[in-house]
Amino acid sequence: MNDKRIYTGDINIQIKEYENDGETVIFLHFGDGNLMMWQKVVPFFQDNYHLILVDLRGHGKSDKPAEGYHIDDTAHDVVMVMKELGIKKAHVVGSSLGAETGLSMAANYPSKILSLVLDGALFSNFGPYGLWEGTEDEFNAHAVQVLEKMRNAPKKLYPSVDALVKESREDFEKHGWWSDTFEAVKRYGAIKNEEGKYKSCWSDIAEEYTKNYFFYKLEDYYQKIKCPVLMLPDEIPGQDENEKRVMESLFKLLENGKIVNVPGLIHPFGWMLEPEGACNAVLDFLDDIREK
């Protein structure tokens, strides 16, 4: 395993690389996560695949510019990492923000992508493939309200990394969502400011990301995709039926898609809790592609 810092011509992106002669699989984390989220996943793949784990811009040890958090920007970053590493094509596994980034990669750089796994990016927010049931004016007002609330919210600062981890643990344990991997993600991603206080990266970039997120038309990306796509929907009991309806509508736009329901999969944290089911679904998907 090698830690590398890759200059993309714009910013530096941090990666972990697990070398292997097999095909490349790139893993992309969720928002406010980082490459450490894949610790329990790596053992399932590293014997047969060349693995690249990426800290997306603004996260982990990658550079944190003030702007550039549209998924087309993060997709370009990852494609430039591929170029610098001499990787011509790769499978992409993405969770939430990572899934959105992978979607943009597959749509805009089709020659680079062998296949795409989506844990997230399964619905737009508004429009015929969106979840919003009100009018466009109501949706726009909602977006403005949420962004204003984010802008005015006080930034959480902690006297130590331990204090940051402690509060995160208390929050996640309420849902039964905590593991050593969660802790590793939080410790690795903690940022120290000039006053010696610690914060999450998300506190600085959440608004910049969200102002784009509200208005993505993911259907425009789905319509361009040619590679095989595996969709991994959330399996939390009581999941919104509207989400399933929209996901199935987007699925119909794909030339080569597959939906696998992994029992108990929790978006986007399943990879850090009990990843075996999701990993086996991905491995089966990759085997199917190879056989074809």
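Do we have residue 73 as crowded, with 17+ Cβ neighbours inside 10 Å and acidic (Asp, Glu) here? When the stated conditions are applied, residue 73 passes them. The requirement of being within 20 Å of residue 72 (Cβ to Cβ) and not in a helix (DSSP H, G or I) is not satisfied by residue 211. Assess whether residue 106 counts as being modelled with pLDDT of 95 or more, among the small types (Gly, Ala, Ser) and not in a strand (DSSP E or B). Considered against the rule, which asks whether it is modelled with pLDDT of 95 or more, among the small types (Gly, Ala, Ser) and not in a strand (DSSP E or B), residue 106 comes out as yes.
Table: residues versus (1) in contact with a Pro (Cβ under 9 Å, 6 or more places away or on another chain); (2) modelled with pLDDT of 95 or more.
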{"site": "183", "(1), (2)": "no, yes"}
{"site": "199", "(1), (2)": "no, yes"}
{"site": "203", "(1), (2)": "no, no"}
{"site": "221", "(1), (2)": "no, yes"}
{"site": "229", "(1), (2)": "no, yes"}
{"site": "254", "(1), (2)": "yes, yes"}
{"site": "267", "(1), (2)": "yes, no"}
{"site": "287", "(1), (2)": "no, yes"}
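Count of region 178-198 residues, restricted to those that are under 20 Å from residue 68 (Cβ atoms) and over 19 Å from the mean Cα position of the chain (by Cα), is 1. Taking region 72-98 as the range and being touching a strand residue (DSSP E or B) at 6+ places or on another chain (Cβ under 9 Å) and part of a helix (DSSP H, G or I) as the test, the residues that pass are 74, 77, 78, 80, 81, 82, 84, 85, 97, 98.
The single residue among 155, 149, 166 that is surrounded by fewer than 17 Cβ atoms within 10 Å (Cβ to Cβ), of a type in the set (Lys, Arg) and in a loop (DSSP other than H, G, I, E, B) turns out to be 155. Summed over region 109-132, residues that are assigned to a loop (DSSP other than H, G, I, E, B) and free of Cβ contacts under 8 Å to residues at least 40 places away in the same chain total 2.
Within region 236-252, if we keep just the residues that are part of a helix (DSSP H, G or I) and polar (S, T, N, Q), the residue that is modelled with the lowest pLDDT turns out to be 242.
Pairs are defined by a Cβ separation below 6 Å, a sequence spacing of at least 6 or placement on different chains, a first member in region 278-292 that is farther than 14 Å from residue 25 by Cα, and a second member that is among the basic types (Lys, Arg); no pair meets this definition. Assess whether residue 276 counts as being out of contact with any helix residue (DSSP H, G or I) (no Cβ under 7 Å at 6 or more places or on another chain), surrounded by fewer than 15 Cβ atoms within 10 Å (Cβ to Cβ) and farther than 30 Å from residue 185 by Cα. Taking the combined requirement at face value, the residue does not satisfy it.
The values are calculated or read from the model by the stated rules, or taken from the named source; none is laboratory data. Since this is a predicted model, take the numbers as computed values, not measurements. In this analysis, Cβ positions are derived from the backbone assuming ideal geometry, glycine residues included, and neighbour counts consider all displayed protein chains.
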